[in-house]
Amino acid sequence: MGNSFPNNPTFTGLNTPVRAEVEIRDLEVEGVIPAEIEGAFFRAVPDPAYPPMLGDDVAISGDGMVSRFKFENGHVDYAIKYVETARHKAEAAARRSLFGLYRNPFTDDPSVAGVDRTVANTTPVWHAGRLLMTKEDGRPYEIDPETLETRGSWDFEGKLKSETVTAHPRIDPETKEMFFFGYEADGLASRQIAYCIADKDGKLVSEEWFEAPYCASVHDFAITEKYAVFPLFPTTADFDRIKAGGMHWVHEQERESWVGIMPRYGKASEIRWIKGPPGVSVYHIINAFDDGDLVQIDMCQTDTNAFPFIREASGLKINQWEIQGGVMRWTIDMKNPDSAPEIRPLGPPGDLPRLRDADQGRPYRATWYLSINPQGGPPLAGGPVGTAFNCLMRLEPGNGRIEVMGLEPAMAINEPAHVPASDPHHEGWLMCVVDKQYGEGDYRSELWIINAGDVAKGPVAKVKVPVRLRPQVHGWWVSAEQLAKARAA
Ligand SMILES: [Fe+2]
């Protein structure tokens, strides 16, 4: 038990805990913010409130903070606040950390037995006028979008049976329904997955439970206009290992992957499982869509698990820079669903993809994601997997066309949000936090606004942030119109 943070990459450099709840009005802006950017960019930022109880911890265990850049008439205001989870409140009351290993309650201080362990640190989700801070190991916490205060755990008005909710729901751009799921839905290492639909008003209208081939880390899924698609990769949990105080996840390099697919308004009994190649791993799915009888699924794939702590727990001696991968398209023929998916590369390796909301579940022209540009010098240490990205890519999956916004050495880039443009011929705007190291322990951050159709040109505006920012996980853009509608409701 320590009262200082460990001196290792999870807690130093870009990952140095900041732990400050701040509000800053009128950030300095270089360049001109396009007038149509009006609203809020919410970000989920893990930031451990206390040094780890067991002497060390993983980056993705950091307490969730909800952060907001608010855009109003060319002015930008910044705010960040802890999500008041049951876990954060218990630790704040004790003035120390009380929870042990990542997703292992058997390693906790006995005083917090039964307390909700989620840190709500992965994605701020906006649906039906409600802001939810999510993490896949628990239910979301509802946040007041104006004050960033926590309203409490959200269970869809008592209707949700699943104990967990993904940080990657999918919202249909036409029906405005939110499709989501929870895995380990009825407890640790369970194979049960709950597939849920909330209607445009946020009411839970469907919850279908099915059993997965094994208990996998199911970080993301996809919808098309006809199907719900559940790719499953062999990063697996085992109850006995967890109970014995071991790691929640190991990656089984020799084990097969799967894709579960069912009609998106169907029953759990209609799900079919299609076997894929062994050992591969995907955290983020760019999009999926129907193509006649084919279902196309585009994913950021790696040939092993991307998290060093999971590879280590699995006895896999593979360095971060040795991991191969790419943006891959898996094609499933629904006329012949027992045949293996056909897999082909669409683009270079990378992750944290962004899609226009309007393209969700449909054929699409372009996606944006982050990658490592060898010309950008060695990547900065930091972020969830320990190595930060240093370039932004725009990829057209239909023809492989790529445009790149590289960064100077000693810079890092966080996941972009997309802001739609009013002109239908304009691809809209991207915004992302960019960090730069100036010297030992000296990091400064800016929020860059980029023309989504012309990323190579670099930012049209830079918003300077006069305080330290810790690397974010995911973000979400909410327009001023959506915020006003929620206020009026
Ligand atoms: Fe994610």
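Please specify each residue of the stretch 446-476 satisfying the condition of being within 16 Å of the ligand (Cβ to nearest atom) and in contact with a strand residue (DSSP E or B) (Cβ under 7 Å, 6 or more places away or on another chain).
If we filter the stretch 446-476 for residues that are within 16 Å of the ligand (Cβ to nearest atom), which is where we start, we get 471-476.
Listed by number, the residues that qualify are Gln472, Val473, His474, Gly475, Trp476.
Of these, Gly406, Gly400, which one is surrounded by fewer than 23 Cβ atoms within 10 Å (Cβ to Cβ), farther than 27 Å from Glu312 by Cα and touching a helix residue (DSSP H, G or I) at 6+ places or on another chain (Cβ under 6 Å)? Step through it out loud before you land on a result.
Numbers: Gly400 fails: touching a helix residue (DSSP H, G or I) at 6+ places or on another chain (Cβ under 6 Å).
Of Gly406, Gly400, the one residue that is surrounded by fewer than 23 Cβ atoms within 10 Å (Cβ to Cβ), farther than 27 Å from Glu312 by Cα and touching a helix residue (DSSP H, G or I) at 6+ places or on another chain (Cβ under 6 Å) is Gly406.
For the stretch 185-204, indicate whether the set of residues that are within 16 Å of the ligand (Cβ to nearest atom) and in a loop (DSSP other than H, G, I, E, B) is non-empty. Can you show your working first?
Narrowing the stretch 185-204 to residues within 16 Å of the ligand (Cβ to nearest atom): none.
No: zero hits.
Can you find even one residue in the stretch 436-446 that is modelled with pLDDT of 95 or more and within 20 Å of the chain's Cα centre (by Cα)?
no
Go through the stretch 407-430 residue by residue and tally those that are over 22 Å from His284 (Cα atoms) and part of a strand (DSSP E or B).
Matching residues across the stretch 407-430 total 1.
For the stretch 328-348, enumerate the residues that are more than 16 Å from Val280 (Cβ to Cβ), of a type outside the set (Lys, Arg) and not in a strand (DSSP E or B).
Met334, Asn336, Pro337, Asp338, Ser339, Pro348 - these are the residues of the stretch 328-348 that are more than 16 Å from Val280 (Cβ to Cβ), of a type outside the set (Lys, Arg) and not in a strand (DSSP E or B).
Name the single residue, out of those in the stretch 349-365 being within 14 Å of the ligand (Cβ to nearest atom) and not in a loop (DSSP other than H, G, I, E, B), that is farthest from Gln320 (Cα to Cα).
Across the stretch 349-365, the extreme among qualifying residues is Arg354.
Kindly check whether there is at least one residue in the stretch 77-92 that is in a helix (DSSP H, G or I) and surrounded by fewer than 16 Cβ atoms within 10 Å (Cβ to Cβ). Steps first, please.
We begin by selecting, within the stretch 77-92, every residue in a helix (DSSP H, G or I); these are 86-92.
From what's left, surrounded by fewer than 16 Cβ atoms within 10 Å (Cβ to Cβ): 89, 92.
Among the residues of the stretch 77-92, at least one is in a helix (DSSP H, G or I) and surrounded by fewer than 16 Cβ atoms within 10 Å (Cβ to Cβ), which makes the answer yes.
Restricted to the stretch 335-365, and to residues that are hydrophobic (A, V, I, L, M, F, W, C) and surrounded by 15 or more Cβ atoms within 10 Å (Cβ to Cβ), which residue is nearest to the chain's Cα centre (by Cα)?
Among residues in the stretch 335-365 that are hydrophobic (A, V, I, L, M, F, W, C) and surrounded by 15 or more Cβ atoms within 10 Å (Cβ to Cβ), the one nearest to the chain's Cα centre (by Cα) is Leu352.
Out of the stretch 165-184, which residues are within 16 Å of the ligand (Cβ to nearest atom) and among the basic types (Lys, Arg)?
If the condition is that a residue be within 16 Å of the ligand (Cβ to nearest atom) and among the basic types (Lys, Arg), then Arg170 is the only one that fits.
Restricting the search to the stretch 152-164, which residues are away from the ligand (no atom under 16 Å from the Cβ) and either surrounded by 14 or more Cβ atoms within 10 Å (Cβ to Cβ) or of a type in the set (A, V, I, L, M, F, W, C) (or both)?
Scanning the stretch 152-164 gives Ser153, Trp154, Asp155, Phe156, Leu160, Lys161, Ser162, Glu163.
Taking Ala113, is it among the small types (Gly, Ala, Ser), under 17 Å from Gly245 (Cα atoms) and more than 16 Å from the ligand (Cβ to nearest atom)?
On the way: among the small types (Gly, Ala, Ser): yes; under 17 Å from Gly245 (Cα atoms): yes; more than 16 Å from the ligand (Cβ to nearest atom): yes.
Here the answer is yes, as Ala113 does meet what is asked.
Taking the conditions exactly as written (at pLDDT 95 or above, part of a loop (DSSP other than H, G, I, E, B) and in contact with a helix residue (DSSP H, G or I) (Cβ under 7 Å, 6 or more places away or on another chain)), does Met262 satisfy them or not?
Considered against the rule, which asks whether it is at pLDDT 95 or above, part of a loop (DSSP other than H, G, I, E, B) and in contact with a helix residue (DSSP H, G or I) (Cβ under 7 Å, 6 or more places away or on another chain), Met262 comes out as no.
The values are calculated or read from the model by the stated rules, or taken from the named source; none is laboratory data. As the structure is a computational prediction, the values presented were derived from the model and not from experiment. We place every Cβ from the backbone using ideal geometry, glycine too, and count neighbours over all the protein chains shown.
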